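K.L.:
This is the structure I have questions about; it appears just below.
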Amino acid sequence: MLRQLALRFGLIGESEGMVQAMARLLQVAPTDLSVLITGETGTGKEVFAHAVHELSLRKKFQFVSVNCGAIPETLLESELFGAEKGAFTGSIEQRKGFFETAHRGTIFLDEIGEMPIGTQVKLLRILESGEYSRLGSSDVHKVDVRLVAATNRDLAYEVRQGNFRQDLFFRLNSVNIHLPPLRQHPEDVPLLVEHFGRRVAEKNGASFEGIDVAVEETLRSQPWPGNVRELRNLVETIVTLEQGARITQEILERYLPVASQNEHLGAPSTALVRLSDAQRASNEVDIQMMYRALLQLSVDVAEIKTVLRHLLSTSIDVQPAPVLPTSAFPTPPIVTEHIQDELELSTMERKAIETALRRTQGNRRESAKMLGISERTLYRKIDEYGLQ
């Protein structure tokens, strides 16, 4: 049966963690239970979600995938549950939500940890009773949908922090499929390389001649922060550019050059990216650090502004003060400096966002990742600064 999963869905792995995940998939897929898939970015959560749908009795109906982190908070509710005409600015007609579209099928809510608390309440209602109301209407509708959710966050921690509803967490976590990061099952790397290599070679009308044993060992030793997605991208690049030739250590090193910095730090002798990519990654880290520093400065400036307002509005002498012309009250230098600093911070913040968007060619998910913020925050900042 595991071989059928590999052939049909591309679910590859013979390690204990992956076998357990696939066994749980086969166990839960034929039921109507909600499923929570957890794991780091790039571990294959959406692939598992598709498999849950295709192995269920709902496979003849729609599979609707929704990235909760990519939709602005103000629009997420209307996207999920629909909206009546005139419910909000720009709503010129009645529109269906994703749940209504997925009726009798499966809805996949990726990055569910990004969902606002208010929307979580309505999600819990639809899970409990199948009932929902479109935005701008009090009419109650019913829908028959199976929910598969995924997150790379620790939802138990988010519950303790007050960012995720405990009752919704309990409802979702009744069936949990956890996908281990690739570094925890390196024995599956050769199988994945073979699968990705043959697939891309076939797509390009070529044949894949495999990899040397030394290459296997090198690939197994990598940390793979991007997990299976990162490995897939690497294999597809090599096989495409090398036209399916057998991957030798020499070929691999052209795509995984030795990084002098890693050697100095005593890290593995091969890097995961080309030198130019390493330089770009360094720049991205600089941008992320700068952006976080800007946010902290913005908080500090806001606190200073609050203190200044308090001081300026408080009189030490309770006796009535003589009325003086406005010119007698010049703006304190510290306030002027604060305003100037605030403007400069906004300018720098905007430039950081523009730079990230330019480097990712407008890819907002990658830009948010580069800046170290959520996609929802990035969307809000783009609207705030009028960036398109």
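Each reported figure results from applying straightforward, stated rules to the coordinates on display, with no laboratory input. A quick note: this is a predicted structure, and the numbers were derived from the prediction, not measured. Neighbour counts run over all protein chains shown; Cβ positions are idealised from the backbone, glycine included.
K.L.:
What order do you get for Asp110, Asp139 when you list them from fewest to most C-beta neighbours inside 10 Å?
P.N.:
On the way: Asp110 21, Asp139 8.
Least to most surrounded, the residues fall as Asp139, Asp110.
K.L.:
Moving on to the next point. Sort 22-30, 75-83 by the packing proxy (mean of other Cβ within 10 Å over each peptide's residues), most packed first. Kindly include the intermediate steps, with their values, before the conclusion.
P.N.:
Values: 22-30: 16.8, 75-83: 20.7.
Per-residue Cβ counts within 10 Å, averaged per peptide and sorted highest first, yield 75-83, 22-30.
K.L.:
Each label point is 7 Å from the Cα along the Cα-to-Cβ direction; what then is the distance between the points at Ser137 and Glu54, in nm?
P.N.:
So the two model labels end up 3.4 nm from each other.
K.L.:
Per-residue HN-Hα couplings for segment 4-13, Karplus 6.51 cos²θ - 1.76 cosθ + 1.60 at θ = phi - 60°, whole Hz, x for Gly and Pro?
P.N.:
Computed from phi, the couplings for segment 4-13 are 5, 5, 5, 5, 7, 10, x, 8, 10, x Hz.
K.L.:
While we're looking at this one, here's another question. Between beta-carbons, use under 12 Å as the cut-off and find the net charge around Leu7, counting Lys and Arg +1, Asp and Glu -1.
P.N.:
Working: positive: Arg3, Arg8, Arg198, Arg199; negative: none.
For residues surrounding Leu7, the net value is +4.
K.L.:
How big is the Rg/Rh ratio for segment 10-89, C-alpha atoms only, Rh by Kirkwood, two decimals?
P.N.:
Values: Rg = 16.2 Å, Rh = 15.0 Å.
That ratio is 1.08, to two decimals.
K.L.:
Same structure, new question: Tell me the net charge near Ile71. Cut-off is 15 Å between Cβ atoms, Ile71 excluded, with +1 for each Lys or Arg and -1 for each Asp or Glu. If you can, show how the numbers build up before the last one.
P.N.:
Working: positive: Arg95, Lys122, Arg364, Arg365, Arg376, Arg380; negative: Glu73, Glu77, Glu79, Asp110, Glu111, Glu114, Glu375, Asp383.
Local net charge: -2.
K.L.:
Could you list which residues have their amide H under 5 Å from that of Val64, counting only those 5 or more apart in sequence or on another chain, with H placed in the peptide plane?
P.N.:
Thr106, Ile107, Phe108
K.L.:
Just order 111-117, 374-380 by mean Cβ neighbour count inside 10 Å, highest at the front, would you?
P.N.:
Values: 111-117: 20.9, 374-380: 19.1.
Going by the mean number of other Cβ atoms within 10 Å, highest first, we get 111-117, 374-380.
K.L.:
Using Cα positions and a limit of under 24 Å, work out the lysines in reach of Lys351, with same-chain residues fewer than 8 apart set aside.
P.N.:
Lys305, Lys369, Lys381
K.L.:
Relative to the compact-globule scaling 2.2 N^0.38 Å, provide the ratio for the alpha-carbon radius of gyration of segment 2-180.
P.N.:
Working: Rg = 16.6 Å, N = 179, 2.2 N^0.38 = 15.8 Å.
In units of the 2.2 N^0.38 Å rule of thumb, it is 1.05.
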